[in-house]
Amino acid sequence: MERKDLSKNNLSERELTTKTTQNSTEEEDTKSDLDKCSYIISIRSPSETDTKMQESITDSMTGSINEGAGSMVAQRIPPSLNADRSKAPLTKEEELNHALWDAALKNRPDIIRDLLSLSIHEDFIANTNSKDFHNVTALHIASSEGYASVCEALLDYGMNTELDPKNVLERTPLHLSCIRGHLEVSQLLFRSGANINAQDFEGNTPLHLAVEQGYIQLITWLLTKNPDVTIMNRLGKTAIQCTNNNEIVNIIKEFCRRNGIDLLAQGRNCVAKIQEKYRNEPKRIQISELTPGETPKDGRVGPLDFEILQVLGKGSFGEVFLVQKRDQKTLYAMKVLRKDKIMGQNLIKYAKTERNVLSYVKHPFIVGLNYSFQTPEKLFLILDYCPGGDLGFQISREKKFDEFRARIYICEVLLALEELHKRDIIFRDLKPDNIVLDEEGHAMLTDFGLSKEGVYDSCMARSFCGSVAYLAPEMIKRQGHGKAVDWYLLGVLLYEMLVGTPPYFSPNRDQLIQNIQSGKLKLPASLSGETKNLLKELMQRDPNKRLGTKRDAEEVKEHRYFTGVNWEIVLRRELKPPMPIRPIVMPAYIPYEKVYGDLSMLKDQSNSVPGWTFVSPES
Ligand SMILES: Nc1ncnc2c1ncn2[C@@H]1O[C@H](COP(=O)(O)OP(=O)(O)OP(=O)(O)O)[C@@H](O)[C@H]1O
């Protein structure tokens, strides 16, 4: 059974399951509809209304591309930022440039050649270096899609086509072809003079990205072009340190051996320099209240402070977006909750719980809240961005984990739960989709909407619609529950990581509920004795007999599964989990209004949620 059956609206899984049929020579290409939409694809005639555009963008956010009729002009200017301009007719030059992006996206080298041909367009031709709102050029688009003939046409017919333009994430076309594993396009760009050592906003070179995504053929070719393998990204990692794949590690080691490169020695020299280069000035700000519509000051933030780059995930009450804070260029995950949905169902207390818990719990394995603010229609949480995606994505991609990897995540999640329980908070929504991996691959708990006491009844209704597989027996029986529910769900998490599906799984909902209550727990023979025992003890149906009921985390930590674990080391984040394969992130065009609601209504306070605004002292 595929893991995609288990969760709702999991966009990252769509990346995984949607395979391209394009003519690339590459290894597995995980491009999805969602990625394709990254290029702002609302194609419409200039005469159509903005409503139409909103509709097409809605399509793009749910992952389908609106091919729309009309003049096939790609609309790329966010109306809120450039309202007058979006209404004004495009100049001839702009139309040509839009048509160029459009042709690049549609893999039409013939149209590209026409658009760049002076003999057809007399005075004006398209400008191959024109950039959309996210600094994306036609070459970025074609390189990312793997359209070699389009790249060739842009390079051959364009006037001085820039080879290394940088998009909003400071990625060049070569970065994009490498992140998607397009060998032929990468070769073409390199032959034309692209910079093989260019660094993006995270300091990654094309080699870092190819290594991270695991494209062996591409990596082997890149190494024949003598890239600087000693370059470190902003985490201080060279490309070889961005993977746990032994084959890739050996290929790079062999390259170093043949070229007399001592990565260790180079690393020591470089690390100080890198840290200096990327050091951010810390800002001290106090917790404060911001009325919607007030001009943000003293570190308080509002909608216009964040540029929206991409959809990261969807939940029951809204979406999570990748955003970039305009002044610092820092990336964050922005969770958006729709007030009408949560207030309509009287669920505001869940939203407040999430904001409150996140604002005072600071822990190495709990996602950090940096800011929260509101508009008349929505509530916003600005969280640390965890680029490894959620564990659901990783499990569906890798089917299951080995015991070593699963143990690291379990140790980290256990410490996060311990911290919550010490504060009398029950997480109660533990499942792979609610654990995200940070840039070093550590597990971080996210989604505190259901945490804490006193929200049980209505949450049950919601949970039943969503993920029955992650309900403890006492939740199904509606007996009331305590902290032990989290220990049961820790067992479910460990089981799913090792087996690839949650325990008792059945596609039939009623059967699944029955299995959870009385089915036999099937444990693969391949699991070690202590793992099997821990699973049985954690998934003990009677909460009174369950491991962790008497002495909470202390009792769980004493189980023989954890023999040899030094909890201090775990807490200091010194256990090194494998680097996760990252879901691909590409800048997307998502209109401001779509995310923030009607900005002209910002001053309207009738719907304001008191006490929502927050600025972390560390932000
Ligand atoms: N900090 C983050 N960094 C990166 N991705 C994130 C982050 N937080 C959430 N996500 C992504 O967004 C998805 C949805 O987030 P979250 O679970 O918080 O939303 P939700 O609306 O509360 O969902 P649910 O319906 O499970 O309650 C996650 O599964 C994850 O893929």
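We did not get these values from a lab; they are worked out from the coordinates using the rules stated. What you see is a predicted model; the values in this text were computed from it and never measured. Cβ placement follows ideal geometry from the backbone for every residue including glycine, while neighbour counts extend to all protein chains displayed.
Ranked by the mean number of other Cβ atoms within 10 Å per residue, highest first, peptides 312-324, 402-414, 174-186 order as 174-186, 312-324, 402-414. Which pairs, out of K400/K520; K335/K362; K253/K325; K399/K422, put more than 28 Å between their alpha-carbon atoms? In this structure, K253/K325; K399/K422 exceed 28 Å between Cα atoms.
Residues whose amide H lies under 5 Å from that of I366, counting only those 5 or more places away or on a different chain, are L445; hydrogens are built 1.01 Å from N in the peptide plane.
Cα-based values for the range 522-572, radius of gyration first and Dmax second, are 12.2, 35 Å.
Spread over its residues, the convex hull of the C-alpha atoms of the range 89-168 is 81 Å³ per residue. Cα centroids of the range 200-218 and the range 313-359: 31 Å apart.
Could you put C386, C151, C256 in order, starting from the residue whose Cβ has the fewest other Cβ atoms within 10 Å?
Placing the least packed residue first, the sequence is C256, C386, C151.
Taking only the C-alpha atoms of the range 397-571, Rg followed by Dmax gives 15.1, 43 Å. Karplus-based coupling profile of the range 304-314, in residue order and whole Hz: 6, 7, 10, 8, 8, 9, 6, 7, 9, x, 10, with θ = phi - 60° in 6.51 cos²θ - 1.76 cosθ + 1.60 and x standing for Gly or Pro.
With the alpha-carbon atoms as the only input, what is the per residue convex hull volume for the range 342-437 in Å³?
Values: hull volume 11.9 nm³, N = 96.
Cα convex hull per residue, to the nearest whole number: 124 Å³.
If you take the alpha carbon atoms of the range 136-246 and fit the smallest convex hull around them, that volume is 84 Å³ per residue.
Less than 5 angstrom separates the built amide H of V311 from those of L322, all sequence-distant by 5 or more or on a different chain.
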